[in-house]
Each structure stands twice: as C-alpha cells, then as structure tokens.
Amino acid sequence: MTIVKQDFGCVDGEKPVHLYTLKNSNGCEARITNYGGIVVSLTVPDRTGKPGDVVLGFNTLEEYLKGHPYFGAIIGRYGNRIAQGKFTLDGVAYTLAANNNENHLHGGLKGFDKVVWQAEIVEGQDGDALALSYLSKDGEEGYPGNLSVKVVYTLSDDNQLRIDYAATTDKPAVVNLTNHAYFNLAGEGSGDILGHEIMLNANRFIPVNAGLIPTGELRPVKGTSLDFTKPVAIGARIDSGDEQLRLGRGYDHCFVLNREDSSVTLAARVYEPTTGRVMEVYTDQPGVQLYTGNFLDGSKVGKRGIAYGYRNGFCLETQHFPDSPNKAHFPTTVLRPGQTYSSHTSYRFSVR
Ligand code: GLA
C-alpha cells in the first residue's frame, strides 16, 4: 500500500492542508485530507472491475471550507447529539453549543471536522498508513480535559478502509468518535440510495423524540420498519409512516449492535444491485447510526458537478449511543486520566 502527499491548500492563511492518496495493489484508492480528516474520495471496483468513487464530497478545499454536512469527516469530541448541550460529570455541569436546534451535535460549532490535524505517514500492518493527530485543549467547545486524539487510516490489500481511533485525557472527559462518510455504492452523484439493500446486525434500536434525542429505551426492531436483520432495500419502508421514521424524516437512528463482548463484529452489510458492489462494516462500537441523507437538499454540488439531492447518500456512523452522558444506563463514554479510548471500524468492499 502506498501513500502520495500533495498540496490541497491552506486554512486561515497559515495552516497548510494536504491531500493523501492511499492506493492498494487492487486498484482501490482513498484520498484523505488532514482538514477534518475528511475522506474526499474512495474508489472501488464494481462487478465488472470498473472503478467508481463511492463517497460524497468535493474536489477542492475551498468547497469544504464553505460548509457542508460533515461529508467524510472525523466527528468529535462527541459524535451524535447531547440533549440541550448539557451534561454533568463528577458533579460538575458542562454547557456545550446548542448547534442543532436546542441540542448539541457532532462536537459543536468547530468540531473535529473543521480543524487541521497533524499528519504523518507511518508504517502500518498493511504497509504505509496515514496517522492524524490533534490536541483538543481543555474547554474547547465547552468540553473538559486536554484530549489528545490519534486517528489512523489504513487501506489494506483486501479492499478494506480501516479506521483506528485513540485518545487520552488529563481530566475526566466524554469521548465518542466516528466517521461521517456518505456512501453511494452506485457511485457518488448517481442519485438516491433507496435501492441499496442493507442488513444491520441489530435486534434493537434507540427511539428518539422530535429533537432526535433518545427517549432512553432500547426498542426491539421486530415488526417495525427499522427491522434490517434480513437484507431489505433502504427505500422499501422509508415512507411507511412509522412514527420514528416521521421524526427522523427517514432513517436517522442508532441501532444497538448484537454483540457478546467488545470485539470487532459485523455491524452492517450493504449491497448495490446495479453495480454488484458490497460494503461490510465491522466495528467494536456498541452502536451504528443509519442516516439516509434526509437533509441533503441539492445545495451541494459534488466532484462530478452533480448536485447531491434528497437521500443521495447514506451514512453508517459506528459509535456509542447518542446522549450517553445523560443516560446512565447506556454504555459509558467517560474517559479518565490514565485510560486510553480506542475504537476500530473498517469498511470492507467486495462485489457480488
Ligand atoms: C448525523 C445526524 C443527522 C444529521 C447528519 C448531518 O447523521 O444524525 O441528523 O444531522 O448528521 O447532517
């Protein structure tokens, strides 16, 4: 696996930004920038061997700097929502930006998706890997603790993009890191993803209120339009009128992964019938947010000059559950000095 570095521009007139092209021996290629740790493109073959770019994004840094709905970015400190932007940790109350109606979303106004990471090409298990690091100072976006974060991207020869996350802190903190890639396995700019067939390894999901904040319940998917225990087209029931889908404007829910322990497990498998592309997601995280691009409105024009319309991409954001700092019965996201937060997710591509 090789990595080529090239200029991608500059942030605030001083911070250089680069684009790293990771290529494996099978013709798979990922282009990743140290601005937001964004996966700019991900090119994988279809069943005829024809390569195609399966993630939404832009060609230039300028387009990202104009603002976008987290296309391909590393999300933190806390992926997903925290109710009212408030939580208490060890008796201390913290207030975060309410940047999603009255709630907090994806780390706040300037989350990890909008910072410039230190980048280094390192020796990994499968050849070169791209290591990104960032120090989020105590109080940044209202969060406690100097949090030192490292994210390593590896593209292996068996066509998997692996993401390894790690973090340490010098004060009690909350951490929930993920990646916000929007996929379209038929190729970015190919229209909606409603024909993609998805299987989620989850017998339960987390119902939400109108603000997409968990009610606290872990509800069985059985008999609902959120049952993906068997492969189903994403669009088959998306407009079924199910209350949860009305609240989400489609799928925008965290699914509780079936797991015995915290080992890396299959979370999802997605098949796109017209190209034969298959994507499997493996993770050690307890949940995965299925988001079907319900807020995409055609205002963002992608790499091939095609506007990204309603539901033109889907995200599978592996994570701890939303609003866990306020839900004592959810797996904890608290990190203490001396502990290391670590999380692994991989997106594996094949064809059928
Ligand atoms: C996550 C949220 C969605 C939406 C997108 C970004 O997936 O769950 O509600 O905010 O981020 O637009």
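Here, each number is a calculation from the coordinates, and none is a lab measurement. Please read all numbers here as calculations on a predicted model, not as lab measurements. A quick note on method: Cβ atoms are made from the backbone with ideal geometry, for glycine too, and the neighbour counts reach across all protein chains shown.
Say the cut-off is 28 Å between C-alpha atoms; which of K171/K300; K5/K66; K230/K303 go over it?
Flagged as over cut-off: K171/K300; K230/K303.
Which residues' amide hydrogens lie under 5 Å from the amide hydrogen of D284, considering only partners 5 or more residues apart or on another chain, with H built in the peptide plane?
T265, H344
In what sequence do Y78, Y282, Y70 fall when counting other Cβ within 10 Å, fewest first?
Y282, Y70, Y78
What does the convex hull of the alpha-carbon atoms of region 224-289 project to on average, in nm²?
On the way: hull surface 20.0 nm².
It is 5.0 nm².
Take the Cα atoms of region 212-327, find their three principal axes, and give me the spread along each one in whole Å, biggest first.
Reported extents, whole Å, longest axis first: 43, 30, 29.
Please build a GNM for the chain, connecting alpha carbons under 10 Å apart, and tell me which residue among L155, L316, L194 fluctuates the most.
Maximum among the listed residues: L194.
Return one quarter of the surface area of the convex hull spanned by the alpha-carbon atoms of region 29-100, equal to its mean projected area, in nm². Write down the numbers at each step before the final one.
On the way: hull surface 28.5 nm².
For region 29-100, the mean projected area of the Cα convex hull comes to 7.1 nm².
From the phi of every residue in region 34-48, what ³J(HN,Hα) in whole Hz does the Karplus formula 6.51 cos²θ - 1.76 cosθ + 1.60 yield, where θ is phi - 60° and glycine or proline is x?
Once θ is set to phi - 60°, the couplings for region 34-48 become 7, 7, x, x, 6, 7, 7, 8, 8, 9, 9, x, 9, 5, 9 Hz.
Just subtract the alpha-carbon distance of D12 and F295 from 0.36 nm times their residue separation and send over the number in nm, one decimal. Please report the intermediate quantities before stating the final value.
Working: separation 283, 0.36 × 283 = 101.88 nm, distance 2.85 nm.
So the extension gain works out to 99.0 nm.
Compute the separation of the alpha-carbon centres of region 323-345 and region 155-184 and state it in Å as a whole number.
14 Å
Work out the length of the dipole vector of region 278-352 about its Cα centre, built from +1 on the beta-carbon of each Lys and Arg and -1 on the beta-carbon of each Asp and Glu, and round it to the nearest 20 debye.
260 debye
Just check region 123-201 against the gyration tensor rule for me: Cα atoms, a ≥ b ≥ c as the square roots of the eigenvalues, rounded for a/c under 1.5, and otherwise prolate or oblate depending on whether a/b exceeds b/c.
Working: a/c = 2.82, a/b = 1.60, b/c = 1.76.
Note, shape of region 123-201 comes out oblate.
Which one, A186, Y165, L147, is farthest towards the positive end of the dipole of the chain when Lys and Arg carry +1 and Asp and Glu -1 on their Cβ?
About the Cα centre, the residue reaching furthest to the positive side is A186.
What nm value, rounded to one decimal, do you get for the distance between A166 and R352 when each label is placed 7 Å out toward the C-beta?
About 3.6 nm, to one decimal.
Compute the relative contact order of region 107-246 as a whole-number percentage, counting only Cα pairs closer than 8 Å that sit 6 or more residues apart in sequence.
Computed over region 107-246, the figure is 14 percent.
Give me the base-10 log of I(q)/I(0) for the chain at each q in 0.07, 0.08, 0.12, 0.15 Å⁻¹, Debye formula, one uniform scatterer per Cα, rounded to two decimals.
-0.26, -0.35, -0.83, -1.39
Who wins for biggest fluctuation among G72, G13, G305 in a Gaussian network model of the chain, springs between alpha carbons below 10 Å?
Ranking G72, G13, G305 by mean-square fluctuation puts G13 first.
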